[in-house]
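Any read-out appearing in this document is the output of simple, stated calculations on the displayed coordinates, not a laboratory observation. Here the structure is a predicted model, which means the values were calculated and not measured. Neighbour counts are summed over all protein chains in view; Cβ atoms, including those assigned to glycine, are modelled from backbone coordinates with ideal geometry.
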Amino acid sequence: MIAIERLHKQFGKNKVLKNLSLSFEQKGTISAILGPNGSGKTTLIKSILGMVLPSQGNIHLFGKNIRGQWQYRDHISYLPQIARFPENLKTAELIAMIKDLRQRPAREEELIRLFDLQAHLQKPLAYLSGGTRQKVNLVLAFMYDNPIYILDEPTAGLDPLAIIRLKELLQEEKQKDKIILLTTHIMSLVDEIADEVVFLLDGHIHFRGSLSDLKSTYSGQAVEQAIANLLRQEQHNRQTSTRLP
């Protein structure tokens, strides 16, 4: 469904993505896109969404090049890391506005109950806590039945119960053959729900594979330990290369 070919993105002199090629075709898969800050994760996501225009390369969704297109976005559910809502709107008004824009069947009532938002529907968004705003963000992301979900730090600000419900929701969507891409700094979440890891470093794909492959390659019993070992190895390689004559 998603094919990325030789993608480059440069902001001024800063090369963020460098000849990056990968695809996400397997339905019913949760792919964790990981990497340190500045590795290119958000730029990659925004390139898929058409929010960032690549300097070079192509992105195809459903077999069609997305350059200059926008209709394909209606088949993607996106959760941004930081949701910026109109502060004067009430929660119910925001949900109604999104429904009016998309004009498609939605399941917002089910999600409102799942994340216990009933008491917040008539409150202005400006008065909601960060965690409650993230729950609203989740309702907007999941209330349409789309084949692709792209979630940028979905657990940010959530309480433990909401995180459990989010993990259950992700597993339900996976069982419906959705392609789910997510970024997170919570490695325990990756251990629990991800099928594969795409690890970006300096704009390159440094590793892509299953969790078991990651752990065996970098000698880690958990994803967190494997990623730490990967970064230590890369740091050692860089230090060694700088010392060579």
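Return the residues of region 100-127 that are more than 27 Å from Ile164 (Cβ to Cβ) and either surrounded by 14 or more Cβ atoms within 10 Å (Cβ to Cβ) or among the polar types (S, T, N, Q) (or both); say none if nothing qualifies.
Result: Gln103, Pro124.
Evaluate the following for Ile76: is it within 22 Å of Ile163 (Cβ to Cβ) and either surrounded by 19 or more Cβ atoms within 10 Å (Cβ to Cβ) or out of contact with any Leu (no Cβ under 7 Å at 6 or more places or on another chain) (or both)?
No.
Residues in region 39-68 that are closer than 26 Å to Asn229 by Cα and free of Cβ contacts under 8 Å to residues at least 40 places away in the same chain: how many?
Start the filter on region 39-68 by keeping residues that are closer than 26 Å to Asn229 by Cα, which leaves 39-45.
Next, only the ones that are free of Cβ contacts under 8 Å to residues at least 40 places away in the same chain stay: 43.
Number of matching residues: 1.
Answer yes or no: is there a residue in region 89-99 that is closer than 17 Å to Ala162 by Cα and within 24 Å of the chain's Cα centre (by Cα).
The first filter runs over region 89-99 and keeps only residues closer than 17 Å to Ala162 by Cα, leaving none.
No, because not a single residue in region 89-99 is closer than 17 Å to Ala162 by Cα and within 24 Å of the chain's Cα centre (by Cα).
May I ask you to say which residue of Thr240, Thr184, Thr217 is crowded, with 17+ Cβ neighbours inside 10 Å and hydroxyl-bearing (Ser, Thr, Tyr)?
Working: Thr240 fails: crowded, with 17+ Cβ neighbours inside 10 Å; Thr217 fails: crowded, with 17+ Cβ neighbours inside 10 Å.
None of the other options fit; the residue is Thr184.
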